[in-house]
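Below is one structure, written out as structure tokens, with a few remarks after it.
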Amino acid sequence: MSPPLPIPPVSRPVSGHVRPPGSKSITNRALIAAALADGESRLTGVLDSRDTQVMIDGLRRLGVPIDHDAAVAVATVRGCGGRPPAEAANLWLENSGTSIRFLTAVCALGKGTYRLDGNERMRQRPIGDLVAALRQLGVGVVCESAGDCPPVEVRSAGLPGGTVTVSGEISSQYLSALLLAAPCAASRIEVVVDGELVSRPYVEMTLGVMRAFGVVVDARWHGRKVEGGKRKAEGGESINHQPSTMNPAFVVDPQTYRATEYTVEPDASAASYFLAAAAITGGSVTVDGLNRNSLQGDVAFAGVLEAMGCRVEWGADSVTVHGGPLRGIDVDMNAISDTAQTLAAVAVFAEGPTRIRNIAHVRHKETDRIAAVATELRRLGLRADEHDDGLTIDPGTPRPAVVQTYDDHRMAMSFALVGLRAGGIEIADPGCTAKTYPRFFDDLARLCGRDTHGS
């Protein structure tokens, strides 16, 4: 673990431009699509982080050649035409949920035996719903740990096709994993979601990436046919992110992913920290490379800040937040739950309490994020009431403390924001941000007008 990092308070409002690195979520989806394509794809804007590194390593172990030039954020992927060449592989995926879930489905396309494992926390993260779904399709998959958690062993002779039901209540990644593999099955696959679907924008992101690689999915939301992967951004949607109450169904016929040139957007989840810095300090920050029609649902976090009192400007290729007097809000963050910790940091400096709702599924992330946020806010001397599906945060003056991060990159990045306004805040194990954003603290320091050592 890296030593704690002090966060010096700023002496002026944080203002400037920043472009976060490529989206981890899009990078890993594009890597899967390119790996399954027929031909050579070139991906630009590729994120270089632990989560993407383990995905690339896993695909290479499955026999997919990938040349990754991290210095210029480019990956060249020579696709396998829908079937992984390796007949046996051991994949070590650390604590990357997207990697282990997507690659479990990819292994189901192969002909052989594959074992997927990760670190101690990964062995506590459920994958049983995906395993059960693949079994419905005739694939031999077992969890070796109690509680339907990794390690996972896949014994496959290919993915036959058929109709499958998958739970959507713990993670949308189970559905995304099935969708990414489905075009390469022997026959049509229909996936029906059982129960509430959390984080719907991430499924729409999956469909958007698939479409960019030439795959068409018949996606039915709320009982009607829609074109997958597109979002609307009319007024108010950024606050009331209601999940589907119907049973979405997705029909995927056998198809071939088309090799292509694909550009990965900057990470909208990472952008939330910089937009929040403007909100907290009364500054003005522009994130370049994103707009309101981004493939990533987390751009809607700007609307949450707007509801709290900020002014938001959307450009053709940018979003700007101008800070203002902040007020607490009551918000359903199911669809943008990766930004809930960011909002928790902003809530500390608002007028009145903030209630974050409908994010029970984040208890199964890198850590139990609801419990971790509440615990660390209390460590700062603040009141945070934990609920089954979220928490309520009362504003206050944080006291000096070393914030524990639980090997969770988002804990480190979000609580660093508190240190911009409150003295004596240190972030334990800041190196955990390497999971998705290795240079986060350098970029934050530059935006605050400091060198990378905080002076």
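The values are calculated or read from the model by the stated rules, or taken from the named source; none is laboratory data. The structure presented is a predicted model; accordingly, all values stated were derived computationally and were not measured. No Cβ is skipped: glycine too gets one built from the backbone with ideal geometry, and neighbour counts run over all protein chains shown.
Looking only at strands (runs of 3 or more DSSP E) that lie completely in region 21-126, which have at least 3 residues being touching a Lys or Arg at 6+ places or on another chain (Cβ under 9 Å)?
Details: elements: 40-44, 66-69, 74-78, 88-92, 111-117.
In region 21-126, the matching strands (runs of 3 or more DSSP E) lie at 74-78, 88-92, 111-117.
Would you confirm, using the coordinates I've provided, whether residue 399 is of a type outside the set (Asp, Glu) and farther than 22 Å from residue 5 by Cα? Walk me through how you get there before you give the answer.
Working: of a type outside the set (Asp, Glu): yes; farther than 22 Å from residue 5 by Cα: no.
So residue 399 fails the test.
For residue 353, state whether it is touching a strand residue (DSSP E or B) at 6+ places or on another chain (Cβ under 9 Å), surrounded by fewer than 22 Cβ atoms within 10 Å (Cβ to Cβ), in the same structural domain as residue 10 (by TED's automatic domain parsing) and under 30 Å from residue 450 (Cα atoms).
Numbers: touching a strand residue (DSSP E or B) at 6+ places or on another chain (Cβ under 9 Å): yes; surrounded by fewer than 22 Cβ atoms within 10 Å (Cβ to Cβ): yes; in the same structural domain as residue 10 (by TED's automatic domain parsing): yes; under 30 Å from residue 450 (Cα atoms): no.
Judged against the criteria, residue 353 is not a match.
Restricting to region 371-385, what's the tally of residues that are of a type outside the set (A, V, I, L, M) and within 23 Å of the chain's Cα centre (by Cα)? Outline the logic, then answer.
Going through region 371-385, the residues of a type outside the set (A, V, I, L, M) turn out to be 375-376, 378-379, 381, 383, 385.
Now narrow it down to the ones that are within 23 Å of the chain's Cα centre (by Cα): 375-376.
Residues that pass the stated criteria total 2.
Residues of region 78-90 being out of contact with any Asp or Glu (no Cβ under 7 Å at 6 or more places or on another chain) and either free of Cβ contacts under 8 Å to residues at least 12 places away in the same chain or of a type outside the set (Lys, Arg) (or both), which ones? Can you show your working first?
As a first pass, look at region 78-90 and keep what is out of contact with any Asp or Glu (no Cβ under 7 Å at 6 or more places or on another chain): 80, 82-90.
Within region 78-90, 80, 82, 84, 85, 86, 87, 88, 89, 90 meet the criteria.
Does residue 17 satisfy the condition of being at pLDDT 95 or above and either part of a loop (DSSP other than H, G, I, E, B) or in the same structural domain as residue 105 (by TED's automatic domain parsing) (or both)?
no
Across region 299-350, what is the number of residues that are acidic (Asp, Glu) and crowded, with 24+ Cβ neighbours inside 10 Å?
Going through region 299-350, the residues acidic (Asp, Glu) turn out to be 306, 313, 317, 330, 332, 338.
Of the ones still in play, those that are also crowded, with 24+ Cβ neighbours inside 10 Å are 338.
Selection size over region 299-350: 1.
Could you please tell me which pairs satisfy a Cβ distance under 7 Å, a separation of 6+ or placement on different chains, a first residue in region 160-184 that is farther than 18 Å from residue 221 by Cβ, and a second residue that is in a loop (DSSP other than H, G, I, E, B) and among the aromatic types (Phe, Trp, Tyr)?
183/257
Suppose we filter region 192-207 for residues that are touching a residue at least 60 places away in the same chain (Cβ under 8 Å) and outside any loop (DSSP other than H, G, I, E, B); how many remain?
If we filter region 192-207 for residues that are touching a residue at least 60 places away in the same chain (Cβ under 8 Å), which is where we start, we get 198-202, 204-206.
In the following step, the residues that additionally are outside any loop (DSSP other than H, G, I, E, B) were identified as 200-202, 204-206.
Of the residues in region 192-207, 6 are touching a residue at least 60 places away in the same chain (Cβ under 8 Å) and outside any loop (DSSP other than H, G, I, E, B).
All but one of (1) of a type outside the set (Asp, Glu); (2) within 23 Å of residue 308 (Cα to Cα); (3) part of a strand (DSSP E or B) hold for residue 339; which doesn't?
Status for residue 339: all satisfied but (3).
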